[in-house]
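Notes follow the structure.
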Amino acid sequence: MPFPDELGPAIIVADYDPDWPAEFAHLAARLQAALGDRAVAIDHVGSTSVPGLAAKNCIDAQVRVTALWPELVDLLESAGFRCRPEPWNRVEISSGQRCDKLVFAPPVGERATNVHIRLANGPNARYALLFRDYLRADDNARQSWGAFKQRLAQTVTDFYDYGQIKAPATDILIAAAERWAEQTGWTVTTAAATAAPDKETHQPPTPTQDATPTNQSAAPK
């Protein structure tokens, strides 16, 4: 759920804003500065990462890591980000698997942002990239998904209800995306290659020191 300072009077699904990629790039640079070589990659995901797609004006960044180190929370909170405490922001189900994660809100007073910390080899990290790349590639799916979200936002004003109604539609969309991935040979590797020209995946510099995790267990509960 949003922090009190993030709450607005209504859910607004806006037309695509061409400034979103630049705003993501600024966010990615801040995350890289905070996390260093603990970040394997920082991806622009969610609806704002799809050119032409209507979306809530909230930048979603995915940070891929090799382990959910406990110090990730300290590093990001030191940079002003706030760890979202709800159970669904600590665990999600993707491809039938339970996936641990972390989600952070922006510093108080800054633009709407969600920072998702996921294991680099996790199915949930793949899900986010597949969702993005399928909607980038399929004009009809992109237009239909945007129109659906705008109609839903006009009739449902509660954030929880909006998410609950959208969830089964998202399942249908990702099933179509999986068929597309099989037909085209899409993989997470090709996703990174496709995104690189647009700087939609930020790759950190080669590590200069050992980044061995202090704890390779899942995120703290």
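At a glance:
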| read-out | value |
| --- | --- |
| Burial order of peptide ranges 33-42, 154-163, 122-131, 138-147 (average beta-carbon count within 10 Å, highest first) | 122-131, 33-42, 138-147, 154-163 |
| Contour excess over end-to-end distance, with Cα ends at residue 176 and residue 137 and 0.36 nm allotted per residue | 12.8 nm |
| Simple label model, 7 Å out from Cα along Cβ direction - residue 184 to residue 75, nm | 3.1 nm |
| For the chain, size of Cβ-based charge dipole, Lys and Arg +1, Asp and Glu -1, in debye | 320 debye |
| Whole-Å semi-axes of the stretch 129-170's equivalent ellipsoid (Cα gyration tensor) | 21, 12, 7 |
| Gain upon complete extension [residue 120, residue 157; 0.36 nm per residue less C-alpha separation] | 9.9 nm |
| Options 87, 21, 129, ranked by Cα towards positive dipole end of the chain, top entry (Cβ charges) | 87 |
| In the chain, lysine pairs with alpha-carbon atoms under 28 angstrom apart (chain gap of 8 or more, or interchain) | 11 |
| Residues whose placed amide H lies under 5 Å from that of residue 84, excluding near-sequence neighbours | 103, 104, 105 |
| Volume per residue of the C-alpha convex hull in the stretch 4-198, rounded to whole Å³ | 122 Å³ |
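None of the figures in this text is laboratory data; all of them are computed from the coordinates on show. Only a predicted model underlies this, so the values are computations on that prediction, with no experimental measurement involved. In this analysis, Cβ positions are derived from the backbone assuming ideal geometry, glycine residues included, and neighbour counts consider all displayed protein chains.
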